[in-house]
Structure formats: structure tokens, C-alpha cells
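Taken together, the values in this text are just the output of simple stated rules run on the coordinates, not laboratory data. Computed from a prediction, not measured in an experiment: that's the story for all the values here.
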Amino acid sequence: MLLKNRIKKIAITLTSEQSIHLFILLCADGSIQRMGSGKLDTVESEMYSDTMEVDVFYRVMSLIPEKMTKQGGVFETPKRSGRLCEMDIVLADRMEKEIIGYRFLYGSKSLGLPKEISKLLEGILLYTDTWYQAKKAESRKKKKTH
């Protein structure tokens, strides 16, 4: 069990057919790393790292149900169809001594993620997307000038 107020790091990875479609590491101090859009038809390979407003972490934390801090596990959607998708969520304290992990296995054309996990994924994408798009534009601009 990891008390919710002790969580200082959230990592989410979404893969399908050995391709990474999303990686986000968001920390309570405002540091962030992100690669990908979370869309299965897109694979992006450039990782962006920087800081964001600290409240972004706490907005994402508000989407994490209390029961997710109790015990991790692997959850599989029965009768999966379409591409096999794996979403990993890791919650950790500052020093990573307490860690809870989840893996969700589902098909791209089946039921998908549980509602509260979909809400968490949508929230973290929404809260980090402006930052992510700005970093991508900055990177494209730098590449044009070199």
C-alpha cells in the first residue's frame, strides 16, 4: 500500500506490437518526460524533458482513485480483438522505495481500459499536451535552423 499523499511520481507507458505509443513520467516537483501521443496509429521517437507547473502533477493525482494505491496487478480484458495493447502505470514515492504497478492488457477493438483508467489517461494527455506540442514545435524549429 502506498498512501496517496506519498506518491511523487507517475509513469504511464502505452505499447502495441512492440511499439511505444506513449511514455510519460510526471513528478511532483514539476519535472516531466514525454514521448508520443497515445494514438495507436502514431509512433513518435523523440523524448522531451523539462519542467511544467507543479499543479499539473496534482491535477493528475486527483484522477487517481484511492483504491489504486492499495495493490497493483495485471488486468486482462477477456476476448481481446484487434491489436494487443499494454498500458503500464507506475506510482512511486520520491525515492522509489514504495512502488505500485499496474498492467492493463486489452485489444484495440475490444472493451479497452476500465473507465477510471481511461479517464486518467485522457487527463494526463490533456494536462501535458500544450507543453508537449510546444516542445515538438521547438524541436522542429531547431532542426530547420541547423
Potential lengthening between residue 88 and residue 74 on full extension [0.36 nm per residue; Cα-Cα distance subtracted]: 4.1 nm
D_trans [Stokes-Einstein, Kirkwood Rh over alpha-carbon pairs] for the chain, 37 °C, 0.692 mPa s, µm² s⁻¹: 206
Dimensions in Å of the range 8-93 - Rg and Dmax from alpha carbons: 14.1, 41
Cross-link pairs 39/70; 39/119; 67/109; 8/39 - those with Cα-Cα distance over 19 Å: 39/70; 67/109; 8/39
21 Å Cα-Cα reach of residue 144 towards lysines, excluding residues that sit fewer than 8 places from it in its own chain: 135, 136
Spatial separation of Cα centroids for the range 102-146 and the range 25-42, in angstrom: 6
